[in-house]
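Read the figures in this text as sums done on the coordinates, not as results from a lab. Predicted model, so just to flag it, every value in this text is computed and none were measured. Counting neighbours? That spans all protein chains shown, and the Cβs are built from the backbone with ideal geometry, glycine included.
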């Protein structure tokens, strides 16, 4: 009797982000990816693999004995070769020919029960060991090339570092049209992400996740209950391949956006990343003829994408990823088995460059969930309910902090000093990312003098901007009174368009969101040729 086998790798995020070195994080992610690779990890012919991606696999065997033999071999290689210390839940379910879809539905329940009922491994580590891994805190078994004592997992990941270049090379542009003398590369060190000399370096951890993919698959399975096994396998492979291509298309769009803004510096000896406003452009790390793009992919698993980048471009990349997502179509997962678009939400944690990686990733995941919740609750605006959304935070969150804890600093009595999350796609409602980015923060497209970064009345008075940020905590009446005072000397002074003199939309305001990003957010586009505005100290 044929057997359906489900494989689910466990605690992947903890495994990938267990180190604070970028090269270890990238290597661990590749180890997880190769563990369910058909050739490198599963070692099974095409006809036995229904799908394999993102740390999950669905396999079919001729009988239970064959399934168990493969499981014994796979779990041994997983521990000894592929990804030491990474655990897996594996279940088998026999089915009658013609019952593949129904068996798949039941297998999902089996996997859920298996993960809940499993007894976690608790080995007695460290006996007779005199050194701990400098990265994970576990017993050290070796010394890395920089002299750091490392544990078994980190030591085993060394072999993947040499494979990283080949894994991501197909995504690199063949030529940087704005700087053809340079060859693009992805960095393996945090300091190669675009750090500016003499400034606090910020990185962005961006997590993007498709909306409703699980329910789409569940409904497809329920529709396929009586379909022939061959047809179920064919459709599953097709939508799985479409999801894989979707993730790759999204990531390529980010690379193209960054690469289009790489230019030589004015001396021609280095390269820099250009954007809007031009004052926020920054130098890129270079080595010989290579220039390191200020981003590094970490996880690329279909509708699940995680990357680390320079903090100044994190929000631009997140918004671009969400917009690109909804332009792609996936076969068989739409209503009545047709094609469908998959939208996505994003969470962005902007933290100091050497903040704990795992905590930054957990914050990005929490913020992505916040964006998804806002999307579900946007029932008053059908367009917004279908859109992709984005949420972010600036600064490291404390361990186990909830979203309510993070947002507590943005509450002042009955007023909310943020309007996050924002819909990313340009929906009819005012509360969207384009509105915040172009109109409230500014400058607008083609150098239009809009927003706090485009209107000279604000650009030329940082004291006024700082005072406004504290005024909003007292509510709209305080903002109105101060605007009236400022207008005595600055006729025509007004808040960015779409905001009245109080600066609030209901009981919330986007002003703090915009002002926090004034010196941080770089929009990746070529600025209009215009003289840079000066920064005076008019009061």
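Summary table
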item	result
By average C-beta atoms within 10 angstrom, highest first, the peptides 320-331, 446-457	320-331, 446-457
Helix 357-377 vs. the chain, principal-axis angle (Cα, 0 to 90°, nearest 10)	80
Peptide ranges 156-163, 5-12, 168-175 listed from the most packed, as the mean C-beta count within 10 angstrom indicates	5-12, 156-163, 168-175
For the range 108-196: rounded, prolate or oblate by the Cα gyration tensor [a/c cutoff 1.5]	oblate
Spin-label model distance (nm) - residue 283 vs residue 396, 7 Å beyond Cα toward Cβ	2.7
Estimated [θ] at 222 nm from DSSP helical runs (n ≥ 4, -39500 (n - 2.57)) normalised by residues in the chain, nearest 500	-10500 deg cm²/dmol
Sites residue 469 and residue 252, calculated FRET efficiency, Cβ-Cβ separation with R0 56 Å, nearest 0.05	0.90
Normalised contact order of the chain, rounded percent, pairs of Cα under 8 Å and 6 or more residues apart	13
Cα-based shape type of the range 49-188, given that a ≥ b ≥ c are square roots of the gyration tensor eigenvalues and the cut on a/c is 1.5	oblate
Cα gyration tensor shape of the chain, rounded if a/c is under 1.5, else prolate or oblate by comparing a/b with b/c	prolate
Antiparallel content of DSSP bridges confined to the chain, in %, to 5	85
Nearest 10 degrees, 0 to 90: helix 100-117 Cα axis against the chain principal axis	80
Between 0 and 90°, nearest 10: helix 476-486 axis offset from the chain longest Cα axis	40
